[in-house]
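Read through the structure below, which is laid out as structure tokens, and then see the notes.
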Amino acid sequence: TITVQDTTAPEFTSVPADYTSERSDDLILHEANASDNCGVVTSEVSSEIIPGDATGNYTVVRTFTATDDAGNSTSATQTITVEDTMSPELIIPADYTTECSEDLVLDDATASDNCSAVTIEVSSETIPGNAAGNYTVVRTFTATDDAGNGTSATQTITVEDTTSPELSIPADYTVECSGDIILAPASAVDNCGTADVTESFDTVPGDAAGNYVIVRTFVAIDDA
């Protein structure tokens, strides 16, 4: 009596290599190949997903099992490391210039990511200019996804004082040459700060010693 037995498990002739993939890319799932010393081999594959430290970071472990007709089997694994290394796409408000007396329009930014939700943080820096009403506001937006990838961009708001002060001067009047000349002051207000008022005089002679005209010229200048 000669008893012939198949106790040798199949051998894998090829198993897909381990690799790392970007989360947004399609996974390449190659098959494994196996051969047996005595008969036909059937192959099965199962997958396990192991979560990582972020939504877009995880590991796929593929287990290949080759079994021959006698029930002998052998297994091999392929590890696919999936990573989220792409930063979010950030859309920010456009730069603009505004008058210092106008309210600043502080629009929000928007962002999208290939794998997860995005948080947006904004910080502001005010850079003084050459006058109280001239300055620049730089807003920095930072979008961060669940894996910690970040994108930053800045919006520049240029604030200018281009509006002249409003000047209020004394009314014209006529006075007798023997009367007192009342030199009431002028005043000025500005939309963004204070205004200084300067005055100059010009006397225009008339047709007699007691007839003449005093022309007072007022100039209001703001800080800009």
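The values are calculated or read from the model by the stated rules, or taken from the named source; none is laboratory data. Values in this document were obtained by computation on a predicted structure and should not be read as measured data. With ideal geometry, Cβ positions are generated from the backbone for all residues, glycine too; neighbour counts draw on all protein chains shown. Note: accessible area is taken over every heavy atom of the protein model, side chains too, but ligands, DNA and RNA are not part of it. Shrake-Rupley method; radii C 1.70, N 1.55, O 1.52, S 1.80 Å.
Along the Cα-to-C-beta direction of D223, a point sits 7 Å from the Cα; which residues of segment 85-110 have their amide N less than 14 Å from that point? Residues 100-101 fall inside that zone. Here Cα extents along the principal axes in Å was calculated from the structure, and among (1) 94, 50, 37; (2) 157, 22, 19; (3) 48, 48, 33 it sits at label (2). Couplings for segment 122-135, taken from phi via the Karplus curve 6.51 cos²θ - 1.76 cosθ + 1.60 with θ = phi - 60°, read 10, 10, 10, 10, 9, 9, x, x, 8, 7, 4, x, 10, 7 Hz in order; Gly and Pro are left as x. What the phi angles of segment 162-169 give under the Karplus curve with 6.51, -1.76 and 1.60, with θ = phi - 60°, is a coupling list of 10, 9, 6, x, 8, 10, 10, 10 Hz, glycine and proline written as x.
Looking at the chain, the accessible area is 65 square angstrom per residue; that uses a 1.4 Å probe and ignores ligands, DNA and RNA. Here the simple spin-label model places points 7 Å from the Cα toward Cβ, and for I214 and S14 these points are separated by 10.7 nm. Computed from backbone phi with θ = phi - 60° and the Karplus coefficients 6.51, -1.76 and 1.60, the 3J(HN,Hα) list for segment 202-214 is 9, 9, 10, x, x, 8, 8, 4, x, 10, 7, 10, 9 Hz; x is used for glycine and proline.
Taking 7 Å steps out from each Cα toward its Cβ at T174 and S187 produces label points 2.9 nm apart. Take the Cα of V60, step 7 Å toward its Cβ, do the same at D25, and the gap between the two points is 1.2 nm.
Share of carbon and sulfur in the accessible area of the chain stands at 49%, probe radius 1.4 Å.
With R₀ set to 35 Å, the beta-carbon distance separating A76 from N114 gives a calculated FRET efficiency near 0.65. Mind jotting down the distance between the C-alpha centroids of segment 171-198 and segment 4-82, whole Å? Computed from Cα coordinates, the inter-centre distance equals 95 Å.
Taking 4.7 Å between beta carbons as the limit, the unpaired Cys residues of the chain are C38, C115, C177.
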